[in-house]
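Participant: Here you go, one structure.
The numbers here are math on the coordinates, done by the rules we state, and not lab data. Values in this document were obtained by computation on a predicted structure and should not be read as measured data. Positions of Cβ are backbone-derived with ideal geometry, glycine not excepted, and every protein chain shown enters the neighbour counts.
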């Protein structure tokens, strides 16, 4: 087997040195009747060529985003990733290293985490950021739990514009922990009054901008109300590129920010792995979950980096830890950092403007199709359309015509009477031809 | 190197010379600043054309202030991150014996197939009719995981081991609540040797954690578990093989006692790599167990992630599995996303459907090995650990006596005591020898623990050199050559780093230094 370096002779020599009759001697603590006598009923070993052929066959059955006019978003976005990003994250020293527990020989990982934390803090307008979480949805759960710890209250109020998968994830956790969570009804036009929902038990309100329907929300008035009523404002985003163009949550008074970082540096990957971004005001530092990287000096007085404040974490505090999280999203966070470094401020701002321009153009084209209505007054690179038929069926018909036209709202919010709505996203990867093809296919499918 | 006369140069007297360099670089050991020190806000490494003028729809929410993000051109970016990478130790550069972490070879085929557009460039919410190959792969992988573990169901969505623990313990909690025992069964039993994530997970879900004391031989005593079990116990969380590198030999009795007491058995599957193809957790009486695809099935650790932690479930927990999940019926294979189609489901654990990128890699690993190769991998990992044990047991002490181990071997610091050196000192000296240290100070049940896991990926020559190095270090320690340890590491990119300083005054991001007076 090509991955196993030991030869039969090596194995015999090693057994002789140990003084064991055979390898089964080491498995003698397994009750005899529970040991597998024969090989399990699964295929036997395959060559690299065979595995490659088999998996290429499975992959070829799927319609890749890059092969068609593609407008699917709703929490995961197709962007162009510079070739150098994927090259760099495949460097052996990044790819095949562990969590930096021995900092003297992990300065590469630690320094990029320090850069990542600085970039995320700048992008969100917050004081501090951690070394990343699994994804945006689990980061949102962590933000809610953190708010509960800080306020000593146990109720979260979830906006009707929060991505339904995020809201369901929070609900799963709050049900299990016995905390309360109140999810407001779907808020297509961003008109809900969240401030009125805050009561004495409310620890936090969770609001997404751009929201799942694409609307941009000014969080400043809500931040004032939260402050007055003693609740924390958790701001969520699923499209990190938007922060190149719109007011960041930190500037609108958010206490904690949780977001999805996939769209910078990371492929769609059918939903994972992604990278959760997590940032907060400095005063809440010691309640932040997950890894934190900090600057220090070595024995010769040179600057270096280490994981720090680990007394918050499970491997030290066990059942008293701020979170049970162990891993961060290492390579995805590295991809984010490299792509962000390539973009820089100038590149990110321009990328964000192109996204917005393309979405505006698409909205105008689709809005001109008879029977189709664009519902948003504001948006970044995604908006909601109302169609004169069932949205899910329409998306299937468009797929048959070779256009992946978006996400039917009924897939995210079934049974809520929103079956005629579709979420449509357009990024820098869409050409004018793609957008024209969408409008034409839509005309044909209606 | 050769000089101009094509004669080999000689080191001569310069061999012992310490040179202060102008750049602070030391040959290939290159110093590198932060992007905030070398980049500029107006520089970009991505060519993008400014869009034609248009009417924005931002509703007055345009960003007004500068963000503070420096940029680098592409060559500068490459150089910066390549230089950073060279400050890292990695599996590809050497033996990485971190116990419990399973630093085995990461095949590059897996990286290649995970990047096929049919897997990497598909969206989780594009129509299911356009991703049949993706669904098929998840179904195939699930079949392998269930067959290898002998379990009835598998939840594919958890994003890492600790997230898998949350999934499994939530399923247990849901099952208990379905029986109307949610108020009474509040206690979770876990041994002192457990990973920190176990008690942290249980506590997070509102359980009270009670510890199972360690027995003198490093395993859990079934009689002790039976004594602790009662109508107030929800579950037991046990790692098997355990974190001391030992198989819990009374596991069948423990499982039976747990079930008889109306509780559930959560097994931490972090060490499943030792027993794959040798025994099946389902046959041992396990109710839920997470599998770290980034340990047992070789998906890269990536400096701390991403991972993937599918959870296999027994028949009595299967109805409570999280959504979404795959269902094959008369209409073929589809992803069930609606919670109303799964009345007992514990709910959703994260957005979308799991770590697809990791699934592809793990599946490629399994297909490559096959059932026969996976079993051989487990045997080689165990053989290699025992080879190290038998080669070091005369110099280093073991907390539970010298007995066969599974895939990792645990030493303690009793043998170091007379030298005045600590486990940390010993570990740092290993760095100078070109090795990543083993796991240290874990598990907590061994004083000054040193947990060594070589994995199946090492050749005999590599193991022999590691053993010889460890013996040399151990003898140096015993001879009292403390300077080799106390000052270590000397040859790493950094000397020992001051962690106390980092924690006392946390600096967690770069800030522009104040202008220096001229």
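Participant: PRE reach from residue B:52 (point 7 Å along Cα→Cβ): which of segment A:342-380 fall under 18 Å by backbone N?
Facilitator: Residues A:353-368 fall inside that zone.
Participant: Moving to a separate point now. What percent does the relative contact order of segment A:83-338 come to when contacts are Cα pairs within less than 8 Å and at least six residues apart?
Facilitator: Relative contact order comes out at 27 percent.
Participant: Contact order normalised by length for chain A, with contacts defined as Cα pairs under 8 Å and 6 or more residues apart; what percent is it? Please report the intermediate quantities before stating the final value.
Facilitator: Details: 813 pairs, mean separation 88.6, N = 446.
Here the relative contact order equals 20 percent.
Participant: DSSP beta bridges in chain B, what fraction antiparallel, as a percent rounded to 5?
Facilitator: Expressed as a percentage, antiparallel bridges in chain B total about 55.
Participant: Out of all DSSP beta bridges with both ends in chain A, state the antiparallel percent to the nearest 5.
Facilitator: Counting only bridges with both partners in chain A, antiparallel ones make up about 55 percent.
Participant: Hey, what angle do you get for helix A:48-60 against the long axis of chain A, alpha-carbon based, 0 to 90 degrees rounded to 10?
Facilitator: 20 degrees
Participant: While we're here: Cα-based Rg (one decimal) and Dmax (whole number) for segment B:372-493, in Å?
Facilitator: Using the Cα atoms of segment B:372-493, the pair Rg, Dmax is 14.3, 48 Å.
Participant: Here is a further query. Pop a pseudo-label 7 angstrom from the Cα along the beta-carbon direction at both residue A:401 and residue B:227 and give the gap in nm to one decimal.
Facilitator: 7.4 nm
Participant: Counting other beta carbons within 10 Å of each residue's own, what order do A:192, B:42, A:33 fall into, fewest first?
Facilitator: Ascending Cβ contact count within 10 Å gives the list A:33, B:42, A:192.
Participant: OK, next. Just A:390, A:187, A:24 to compare: in a GNM of chain A, with alpha carbon springs under 10 Å, which one fluctuates most?
Facilitator: Per the Cα network of chain A with a 10 Å cutoff, A:24 tops the list.
Participant: Report the Cα-based extents of segment A:114-246 along its three principal axes, largest first, to the nearest Å.
Facilitator: Ordered largest first, segment A:114-246 gives principal extents of 38, 31, 29 Å.
Participant: Taking chain A, how much of its Cα-Cα pair set, in percent, is spaced more than 27 angstrom apart?
Facilitator: Looking at chain A, the distances longer than 27 Å represent 59 percent of pairs.
Participant: Defining a contact as two alpha carbons under 8 Å apart and six or more residues distant in sequence, what relative contact order in percent does segment B:372-493 show?
Facilitator: 31 percent.
Participant: In the Gaussian network model of chain A, springs joining C-alpha atoms below 10 Å, which of A:199, A:319, A:127 carries the largest mean-square fluctuation?
Facilitator: For chain A, modelled as a Gaussian network with Cα springs under 10 Å, the answer is A:319.
Participant: Specify whether the C-alpha gyration tensor of chain B places it in the rounded, prolate or oblate class, a ≥ b ≥ c being the square roots of the eigenvalues: rounded for a/c under 1.5, otherwise prolate if a/b is larger than b/c and oblate if not.
Facilitator: Details: a/c = 1.79, a/b = 1.16, b/c = 1.55.
Here chain B falls in the oblate category.
Participant: How large is Rg over Rh for the protein assembly as shown, taking Rg from the Cα atoms and Rh as the Kirkwood inverse mean of 1/r across Cα pairs?
Facilitator: 0.96
Participant: Within a 10 angstrom radius of the beta carbon, how do A:105, B:91 rank from fewest other beta carbons to most?
Facilitator: B:91, A:105
Participant: Please give the helix A:164-177 orientation as an angle from the longest Cα principal axis of chain A, in degrees from 0 to 90, rounded to the nearest 10.
Facilitator: Taking the Cα atoms of chain A, the angle to A:164-177 is about 60 degrees.
Participant: Let me ask something additional. For B:510, B:415, what ranking results if the residue with the fewest other Cβ atoms within 10 Å of its Cβ goes first?
Facilitator: Ascending number of Cβ neighbours within 10 Å: B:415, B:510.
Participant: Nearest 0.05, what FRET efficiency do residue B:256 and residue B:139 give at R0 = 30 Å with Cβ-Cβ as r? Walk me through the numbers on the way to the answer.
Facilitator: Details: r = 32 Å, r/R0 = 1.08.
For residue B:256 and residue B:139, the calculated efficiency is 0.40.
Participant: From the gyration tensor of the Cα coordinates in segment B:111-365, what semi-axes in whole Å does the equivalent ellipsoid have, largest first, with each one equal to sqrt(5λ)?
Facilitator: Values: eigenvalues 196, 85, 44 Å².
Taking √(5λ) for each Cα gyration eigenvalue gives 31, 21, 15 Å.
Participant: Over segment B:268-337, what per residue volume does the convex hull of the Cα atoms give, in whole Å³?
Facilitator: Per residue, the Cα convex hull of segment B:268-337 comes to 138 Å³.
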